[in-house]
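Single-structure report; data block below.
What follows draws every value from the coordinates through simple rules; no lab data is involved. Nothing here was measured: the structure is a model prediction, and the numbers come from that model. Neighbour counts run over all protein chains shown; Cβ positions are idealised from the backbone, glycine included.
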Amino acid sequence: MKIRIRHRGTVYRLLRLSQAGDWSLVVSWDRKRRAENSIYTYDSTHGTPQAVDVPIEQMRLTYHSTGQVNYHGWVSRGPAYHEPLAALTEPRLIIAVSIPQADRLDAAPEEQHAQTAVVELADEVGDSRFTLGLLFAPLTFVSPPNTLVRVDYDLFSILCVSLPEPPMPSEVRDHFLHLAPSGPLTSRAMQPDAAMLAYHQKRVGNRGLWVYPPNGEGVYTLMTSVVMRRVPKVAIEFSDPRYRIEVINERARPMSIPFSIFRDNQRVTQGDLRGLITEITLDAQL
């Protein structure tokens, strides 16, 4: 998913949103830094803006399914702790960016497809400094009047909202400014395996064994009903005895087991073969 800005007839790149395999949400800039020391950061522990020295291409803000938010260069601080993605109860501001003016962003081609959301910026707003914030919120949250764009995922929403200009020293007024509030928690509310399983079970509405369809590499994923003490041994029977599985052990977790399907010793990468599964057996410790 891409978020663009349209100002005075020109479309500019802003942010990229993507969801990782553990359902973490990753936010990255969709622009190139034009000069060194062009980005500064505020957070709750620094009253003075700090220069960001991480290359913009490496900045990755990640909201993990556990509720832990890692900034990876967006701000000069450790992680913040929020509600797990599967259990959001109220909107939370995760990051804000204050932009000197719209034409400081990189121009982008006009894109007409479902994976691009466009912020329509008024002429007078984009001609000078404006500030945008990203809120993570429950799907049931009603968008406030300052909402510019809303993106709904399967269990949560991301809102791009307009915010007042933050106070800043005169020496950074020509620069981009990142602002990160503190989270409401002091540590992770859930451990990673439990959070990933909770997210899965809420999105599918099922607490039993579940097999996800193959990805682009032909790899299936079996989700267990609980987090095991160790990765379980898996046996899967098919209606056609020519088929068998091989677990991808280096990527397996105590509740998530990726596997490939073979037919006559040839790995099958095309089609969805879940309909041929007749029985799944796990050998593990709870």
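Data for the structure
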read-out	value
Residue list for segment 236-253, given a label point 7 angstrom along the Cα-to-Cβ vector of ASN265 and an amide N cut-off under 18 Å	241-247
Whole-Hz couplings from phi, Karplus 6.51/-1.76/1.60, listed for segment 227-233; x for Gly and Pro	7, 7, 5, 8, 4, x, 6
For segment 154-230, size of Cβ-based charge dipole, Lys and Arg +1, Asp and Glu -1, in debye	600
Cα gyration tensor category, rounded, prolate or oblate, for segment 101-149 with a/c compared to 1.5	oblate
Point-charge dipole on Cβ atoms (K/R +1, D/E -1) for the chain, about Cα centre, debye to 20	500
For the chain, with +1 on Lys and Arg beta carbons and -1 on Asp and Glu, the positive-most of PRO91, LEU276, HIS178 along the dipole	LEU276
Taking N as its residue count, the alpha carbon Rg of segment 167-286 over 2.2 N^0.38 Å	1.55
The chain, relative contact order in percent, only Cα pairs under 8 angstrom and at least six apart counted	16
Size of electric dipole in segment 113-174: Cβ of Lys, Arg +1 and of Asp, Glu -1, about Cα centre, debye, nearest 20	220
Alpha carbon centroid spacing (whole Å) that separates segment 80-141 from segment 169-210	16
Sequence-distant lysines (8 or more away, or on other chains) whose Cα lies within less than 29 Å of LYS233	LYS202
Degrees, to the nearest 10: 192-204 long Cα axis against longest axis of the chain	80
Global geometry of segment 124-195, whether rounded, prolate or oblate, following the gyration tensor of its Cα atoms and the 1.5 cut on a/c	oblate
Computed helical MRE - 222 nm, the chain, DSSP H runs ≥ 4 contributing -39500 (n - 2.57), nearest 500	-1500 deg cm²/dmol
ARG229-THR131 FRET efficiency (beta carbon distance; Förster radius 41 Å; 0.05 resolution)	0.30
Label-point gap, in nm, between GLU217 and ALA107 - each point 7 angstrom along Cα→Cβ	4.0
Selected from VAL69, ILE5, VAL27, residue furthest toward positive end of dipole (the chain; charges at beta carbon)	VAL69
